[in-house]
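The values are calculated or read from the model by the stated rules, or taken from the named source; none is laboratory data. Predicted, not measured: the structure shown is a model, and the values here were computed from it. Using ideal geometry, Cβ is built from the backbone for each residue, glycine included, and neighbour counts are taken over all protein chains shown. Each accessible area value is taken on the protein alone, full model and side chains, heavy atoms only, with ligands, DNA and RNA left out. Shrake-Rupley method; radii C 1.70, N 1.55, O 1.52, S 1.80 Å.
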Amino acid sequence: MILVTGGMGYIGSHTCVELINAGFTPIILDNLCNSHKNVLERIETITGQKPTFIEGDIRDSELLNKVFSNYPIDAVIHFAGLKAVGESVQHPLRYYDNNVVGSLSLVQAMEKAGVKRLIFSSSATVYGCSSTEPITESFSTKAVNPYGQSKLILETMFTDICHADPEWQMVILRYFNPIGAHESGLIGEDPNGIPNNLLPFISQVAIGKRDKLQVFGGDYDTHDGTGVRDYIHVCDLASGHVAALNHLPYKSNCLAVNLGTGKGYSVLDVINAFEKASNKKIPYDVVERRLGDIDIYFADASLANSLLNWQAQFNIDDMCRDTWRWQQKNPNGYLG
Ligand SMILES: NC(=O)c1ccc[n+]([C@@H]2O[C@H](COP(=O)([O-])OP(=O)(O)OC[C@H]3O[C@@H](n4cnc5c(N)ncnc54)[C@H](O)[C@@H]3O)[C@@H](O)[C@H]2O)c1
């Protein structure tokens, strides 16, 4: 069994589908602070299997100890965490408590139970700066906000744990920009309130929930002046976790691996691709840059390819098509 913390969330739910399809049995621990219970039925509709679900918090050590003693868990995929950069600047304690203290309590319970295999959701935000060259895992790291700092602290903590005890096997996955949804249109990204991320915002404009998009910054040093990012289909990301899981038994180090496509697209490129996929016009205004945003970054994804035998399959048109299908089928997300 694979314990999936945060498995009811956007990336976690897609990963549970991939795990089941690959023959693994996921068991989800999630406090539902940013997800909905009906994700479980959706996973069952897609795969024919409903994962065991435990509603609870990763900071609850007693609960974790019970979970590890009640279920034969081989490895943990750890998604549970808060992820809004702006909120992390306003409420750093909330982020350090949930993300850092929560992950500490998780690895303590794992150690106690003798479960020493972990895959962790990190982020390309740990690189913290712009680069016109593909970013490799050996680039320097820098936290530019408390969210990024929480990821860096955890990367350091996991690396230290592995150095002290070579029985630990960990893969730190540094995601670039996950977008898209499962092809069924049954699971996808369902942000609370005003979306922080580009694609949910664009798709809410396309469906008529919002008037227009604000493009933050039109004077970046990129081909059309808007910021360039490496967008990756969430199903590719999910299959990257299965690849990492299959790789775990062969490596005792703590390994950091990028998951991206290796291609950069600007905000205007994404708007164009979405207009094509949805056959809708996306009105937008170019406004001031957002504090802390950077011009351009995209992954060197060759390590994932050579080591995990993984590479992204979906292109930007697929990502926009699947986001649009999810949005149309679920105009109000999981609430209907
Ligand atoms: N989505 C992105 O753009 C992105 C990019 C890079 C990294 N990540 C990381 O990937 C992970 C998953 O992201 P996501 O987009 O699926 O987010 P999400 O918010 O959709 O999923 C996270 C899940 O964790 C749960 N959770 C949060 N704190 C918890 C706690 N203390 N105990 C138990 N459950 C808890 C939430 O209820 C939610 O279901 C996060 O760690 C995030 O930082 C996300």
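Here is how the numbers come out for the structure above:
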| quantity | calculated |
| --- | --- |
| Subset of the stretch 303-320 [more than 19 Å from the chain's Cα centre (by Cα) and in a helix (DSSP H, G or I)] | Ser306, Leu307, Asp317 |
| Qualifying residue in the stretch 100-111 (condition: charged (D, E, K, R) and assigned to a loop (DSSP other than H, G, I, E, B)) | no |
| Count of the stretch 1-19 residues which are assigned to a helix (DSSP H, G or I) and out of contact with any Gly (no Cβ under 8 Å at 6 or more places or on another chain) | 5 |
| Which numbered condition Ile294 fails, given (1) outside any helix (DSSP H, G or I); (2) at pLDDT 95 or above; (3) touching a Cys at 6+ places or on another chain (Cβ under 8 Å); (4) not charged (D, E, K, R) | (2) |
| Some residue of the stretch 275-294 being open to solvent by 60 Å² or more (accessible area, probe 1.4 Å) and under 30 Å from Leu3 (Cα atoms) | no |
| Among (1) within 11 Å of the ligand (Cβ to nearest atom); (2) farther than 27 Å from His233 by Cβ; (3) surrounded by fewer than 19 Cβ atoms within 10 Å (Cβ to Cβ) - the single one Asn70 does not satisfy | (1) |
| The one condition in (1) open to solvent by 50 Å² or more (accessible area, probe 1.4 Å); (2) touching a helix residue (DSSP H, G or I) at 6+ places or on another chain (Cβ under 8 Å); (3) within 11 Å of the ligand (Cβ to nearest atom); (4) modelled with pLDDT of 95 or more that Val85 fails to fulfil | (4) |
| Failed condition for Asn258, given (1) outside any helix (DSSP H, G or I); (2) open to solvent by 60 Å² or more (accessible area, probe 1.4 Å) | (2) |
| Sole residue being farther than 16 Å from Thr5 by Cα and either open to solvent by 40 Å² or more (accessible area, probe 1.4 Å) or within 14 Å of the ligand (Cβ to nearest atom) (or both), chosen from Ser130, Ser105 | Ser130 |
| Positions within the stretch 1-16 being within 13 Å of the ligand (Cβ to nearest atom) and either open to solvent by less than 10 Å² (accessible area, probe 1.4 Å) or under 20 Å from Val101 (Cβ atoms) (or both), in sequence order | Leu3, Val4, Thr5, Gly6, Gly7, Met8, Gly9, Gly12, Ser13, His14, Thr15, Cys16 |
| Subset of the stretch 162-198 that is among the charged types (D, E, K, R) and touching a Phe, Trp or Tyr at 6+ places or on another chain (Cβ under 9 Å) - its residue that is surrounded by the most Cβ atoms within 10 Å (Cβ to Cβ) | Arg174 |
| Qualifying residue in the stretch 170-192 (condition: farther than 17 Å from Gly81 by Cβ and at pLDDT below 95) | no |
| The stretch 1-20 residues that are within 17 Å of Gly185 (Cβ to Cβ) and polar (S, T, N, Q), paired with ones that are in a loop (DSSP other than H, G, I, E, B) and within 11 Å of the ligand (Cβ to nearest atom) (beta carbon under 6 Å, 6 or more apart) | Ser13/Ile187 |
| Of all residues making up the stretch 199-248, the number that are open to solvent by 10 Å² or more (accessible area, probe 1.4 Å) and under 19 Å from Arg174 (Cα atoms) | 9 |
| Members of the stretch 133-161 found to be under 26 Å from Ala238 (Cβ atoms) and buried (at least 21 other Cβ atoms within 10 Å of the Cβ), listed by number | Ile135, Tyr147, Gly148, Ser150, Lys151, Leu154, Phe158 |
| Counted residues, the stretch 17-50 - those being away from the ligand (no atom under 13 Å from the Cβ) and open to solvent by 10 Å² or more (accessible area, probe 1.4 Å) | 16 |
